[in-house]
Structure formats: structure tokens, C-alpha cells
């Protein structure tokens, strides 16, 4: 579980405390309520999800589920701070309130005192019903993620102590997608990478090393191979590239064809020097696995060559783009265009790194890479024999050296 915040205190009741701890540790989404239907615990992962964009939700502990305070809380997470229509809230009230009426010591009067005034009159119409041991209900708009409503299922469990007495209730939540769909979406996901992506959940400025790599002469290769064979090769290559970026502590950027982008943030790497070191190391290891990708794809290694552009972005504007069909990290800024120009000049399988990146390296990190930063010699892009017209036009003075 990521997040620089503390878990909520466990409830005093030992049964509720045990349930809370057991659900929190593996990262479940769950609310815990006491026997009076008051919030007593919310798991860390649910707090982050409810908060949206990495913020932690301020859950109204001690409030009754249908209190005015709890209503404001649910409206904030479900409708971006806008109150849901009263008619909608009134229509949903009886399905859960009937159980509350059956378990409230003072009956209708007691329940009427604690619920939101907008639904208090409905208490007289309720028919009390004992809560089942377990039941489920569909929630079509309980909260938002990245500005989009997230439908979910809530499985309610009546929690009993060792004597069989009800001590509270658990609302165990999951997005509406089935577990097979979850598995397909995240089976290959690296948890540490997902945590790093949370850092850029909300668009903002970040300092980072940038890696761009592209396969040279890919168009002739694509024409020569069958579509199925070329697709298999690109898939293997992209997976290998992503693995190298992730293993070095980076964040995978958006892909375009057989192009690769990686970001190594100073804040997640520990320092600017560490981020620059990881960026260069990632390029080297990716070049090293290209032979394996070629062999598995039954291609001559001599036909494959990668060019790399490595640069430093001091003020990259980075964020995560999440839609109903994809989720990826993107960055904007002059340094992104400059990195593309550097990469285009790195023909014949070279890796060109900017002076701005190399000079972020402290001695210890430079020694690990075998780079003598004190005697490095740089060449402006415009003076390279391989300089493209765009490089001479857009970034002629960017100084680079081969790494």
C-alpha cells in the first residue's frame, strides 16, 4: 500500500478491530460500521480511491451511515462535491434503512433523530427487517476516479462476536468488473510501477530523466515480415523495454509504434543523480536484451538496431491520462521535443545523452556507469554528421555525448 499517510486507528471492539486489520493489510476496499451503523474504520486503499488523484478521503468517523454529515461525504466522492438529487437519495434509503430500523434500540424515533432531515420522513414508512448474515447490492455511482463514475458492488456482512451477537457491519466493495477482467488487466502489472504512477496521478511539474528509444529501419522490416510475425516481434520488444524501465525504477510513458519512452523521476529515484543513472542503465540493459528478442522472433540480430535519446527535464509537466479504454503517463515540455531530436540523431545503434543529463551524475553514480564526467566531451546536435533537419532547426545547441 502506497501513500504517505497513517492508517486509521482500529476500532475498540476486538471483533471489529480484527476485521479491520484483516481487510486493510491485503488492500481491500471496505467500510466498517459498529452495531449502531456508525463509521468506525475505512481501509487505506479505499481512502485513496475515494480521495481521487492520490489524495486521502476525509471519512466521517463516528457518523451514522445516513447522517447529514455522511450524506455530504458520499456526495463529495460520487458527484464531485455536487449534491445528488434528493429524489435519488430518497429512493435508495429504504433498502438499507429497513435493517437499521430493526437494530436501532429506540426504534423509529431513534433512527429519525440520526438520519439526514431530507429522508427523516421516510422512517415512518419503513418495515423493519433483521439484517441477513450477508447480502450484496449494486452501486451505480458511489464514487469517481479520474473524473469518471466507478460502478461497484457492495457485499454487506453482519459481523458477530464469539457469542454470536452482532457487533457491526462491513461493506466490502469492488468495482463492477469481474475478477477474470481484473486478472487480465493487472496480471502482468508491476506493483512498484503502479505506486510510482500514483506520484503523477494529478498533473504537475516534475524533474525527471527522459529516455526515448526507437527501432531503426523498422519500416523495411515490417514490409518484409508477415503481419503476425512483425506483431509478435513488436510485442516482445515492447515488453522487454517496459521491463527494463520498470526494473530501473522508471515510469513507462506512452508507446507509439515501436518507439519507447521512459521517465525516471528525481522524487521516486531518491535524487537527480540516481534518476540520471537509472535512465542510462536502462538504455544499456535494453540494448543488451535486443539480441534475445531477435532470437525469439527468429530474426538476425544484425538487422535490429536501437537508437537512444537521453535528456533531463527540469520542469516536465507530467500526468496520467486515464480513460475508459486506457491508462498511460504522458509529459509535455520543451525537453520532450529536445529528447526526440537527440534520439533522431543517434543513428547506427548509438545512445546519445545530453550534457544536462550527464552533469546530474554525482561521482559515485558516474563511477557505477563507468562515465568520467570530469573529462566528458560534448558535441552540439547541429555539428553531428547524423543531425536531422529538425534537430538543426529546433535544438542545434543541445550538447550531447555517447554513453
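Computed from the coordinates by the stated procedures, all read-outs in this text should not be read as laboratory data. On a predicted model such as this, the values are computed, not experimentally measured, just so you know. Please note: Cβ atoms are built from the backbone with ideal geometry, for glycine as well, and neighbour counts cover all protein chains shown.
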Point-to-point label distance, residue 108-residue 58, nm (Cα→Cβ direction, 7 Å offset): 3.7
Burial order of peptide ranges 175-184, 196-205 (average beta-carbon count within 10 Å, highest first): 196-205, 175-184
Rounded to the nearest 0.05, what FRET efficiency is calculated for residue 367 and residue 72 with R0 set to 51 Å and r the Cβ-Cβ distance? 0.35
The simple spin-label model distance between residue 255 and residue 28, using points 7 Å out along Cα→Cβ, in nm, is 3.5
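With both partners inside the stretch 190-402, how many of the DSSP beta bridges are antiparallel, as a percent to the nearest 5?
Values: 31 of 35 bridges.
So the antiparallel bridges amount to about 90 percent of the total.
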For residue 301 and residue 36, extending 7 Å from Cα along the Cα-Cβ vector and measuring point to point gives, in nm, a value of 7.2
Fewest-first sequence of 210, 358, 134 by Cβ atoms within 10 Å of each Cβ: 134, 358, 210
Degrees, to the nearest 10: 68-78 long Cα axis against longest axis of the chain: 30
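Set the Förster distance to 25 Å, then compute FRET efficiency between residue 382 and residue 348 from the Cβ-Cβ distance, nearest 0.05. Show your work: numbers first, answer last.
Values: r = 19 Å, r/R0 = 0.75.
So the FRET efficiency works out to roughly 0.85.
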Mind giving me the FRET efficiency for residue 127 and residue 18? R0 is 41 Å, r the Cβ-Cβ distance, nearest 0.05 is fine. 0.80
Which angle from 0 to 90°, rounded to the nearest 10, does the C-alpha axis of helix 227-247 make with the longest principal axis of the chain? 80
Sort 368, 260, 293 so that the residue with the fewest other Cβ atoms within 10 Å of its own Cβ comes first and the one with the most comes last. 368, 293, 260
If I histogram all Cα-Cα distances within the stretch 14-182 using bins 5 Å wide from 0, what percent of pairs lands in each bin? 2, 8, 16, 22, 22, 16, 9, 3, 1, 0
Footprinting exposure proxy for 92, 307, 113 (fewest neighbouring C-beta atoms within 10 Å first): 113, 92, 307
Calculated from DSSP H runs of 4 or more alone, at -39500 (n - 2.57) each and per residue, what is the 222 nm mean residue ellipticity of the chain, nearest 500? -12000 deg cm²/dmol
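How much length, in nm to one decimal, is gained on full extension between residue 267 and residue 374, taken as 0.36 nm per residue of separation minus their Cα-Cα distance?
Extending this stretch completely gives an extra 36.0 nm.
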Given 10 °C and 1.306 mPa s, compute D for the stretch 190-402 with the Stokes-Einstein relation, Rh being the Kirkwood radius over Cα pairs; round to the nearest whole µm²/s. 91
The helix 86-103 Cα axis meets the longest alpha-carbon principal axis of the chain at an angle in degrees, between 0 and 90 and rounded to 10, of 60
Give the percent of DSSP beta bridges with both residues in the chain that are antiparallel, rounded to the nearest 5. 95
